1. What number of residues within region 2-24 satisfy the criterion of being open to solvent by 80 Å² or more (accessible area, probe 1.4 Å) and touching a Phe, Trp or Tyr at 6+ places or on another chain (Cβ under 8 Å)?
2. Of all residues in region 37-48, which are closer than 23 Å to Leu64 by Cβ and of a type in the set (D, E, K, R)?
3. Restricting to region 61-71, and then to whatever is closer than 16 Å to Arg82 by Cβ and outside any loop (DSSP other than H, G, I, E, B), can you tell me which residue is most open to solvent (accessible area, probe 1.4 Å)?
4. Can you report the number of residues in region 9-42 which are part of a loop (DSSP other than H, G, I, E, B) and farther than 20 Å from Thr72 by Cα?
5. Kindly check whether there is at least one residue in region 51-60 that is open to solvent by 80 Å² or more (accessible area, probe 1.4 Å), within 18 Å of Asp83 (Cβ to Cβ) and not in a loop (DSSP other than H, G, I, E, B).
6. Scan region 15-36 and report the pairs whose first residue is under 26 Å from Val66 (Cα atoms) and aliphatic (A, V, I, L, M) and whose second residue is surrounded by 12 or more Cβ atoms within 10 Å (Cβ to Cβ) and at pLDDT below 90, with Cβ atoms within less than 7 Å and a gap of 6+ or a chain change.
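The values are calculated or read from the model by the stated rules, or taken from the named source; none is laboratory data. All values derive from a computational prediction rather than experimental measurement. Here the Cβ positions follow ideal geometry from the backbone for every residue, glycine too, while neighbour counts run over all protein chains shown. Areas reflect the complete protein model, heavy atoms only, side chains present, ligands, DNA and RNA absent. Shrake-Rupley method; radii C 1.70, N 1.55, O 1.52, S 1.80 Å.
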Amino acid sequence: MRITCPHCGARGNDEFTVLGAADLVRPAADAPMTDWIAYVHERENNRGPHRELWHHQAGCRAWLVVERDTATHAVIAVRAARDGVA
């Protein structure tokens, strides 16, 4: 799989580390324990387009939002995370 970093251009995915879903919302510090358990352990594993946070560790070290299809691994879009996750 190739990811086109907005700063470095097309690179192999071995230059990146994936953090996980880009759309997760962290519970408030005083949220009930059940909210924290759901946040940490209960994740959707949907087939199709999915937005993830990736770190270009072997390149510019920027955080990126990568949208890819989980069924085919085709990269749909890439943008710098500092431009907003939404």
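1. Qualifying residue count for the region: 1.
2. Keep residues of region 37-48 that are closer than 23 Å to Leu64 by Cβ, which gives 39, 43-48.
Within region 37-48, Arg43, Glu44, Arg47 meet the criteria.
3. Of the residues in region 61-71, the ones closer than 16 Å to Arg82 by Cβ are 61-66.
Subset that is outside any loop (DSSP other than H, G, I, E, B): 63-66.
Details: Trp63: 115, Leu64: 0, Val65: 4, Val66: 1 Å².
Residue satisfying both the conditions and the ranking: Trp63.
4. Taking region 9-42 as the starting set, the residues that turn out to be part of a loop (DSSP other than H, G, I, E, B) are 16, 22-32, 42.
Checking which are farther than 20 Å from Thr72 by Cα leaves us with 23-32, 42.
Of the residues in that region, 11 qualify.
5. Step one: list which residues in region 51-60 are open to solvent by 80 Å² or more (accessible area, probe 1.4 Å), which gives 57.
With within 18 Å of Asp83 (Cβ to Cβ) added as a condition, the list becomes none.
The answer is no, given that none of the residues of region 51-60 is open to solvent by 80 Å² or more (accessible area, probe 1.4 Å), within 18 Å of Asp83 (Cβ to Cβ) and not in a loop (DSSP other than H, G, I, E, B).
6. From region 15-36, the pairs are Ala22/Val85.
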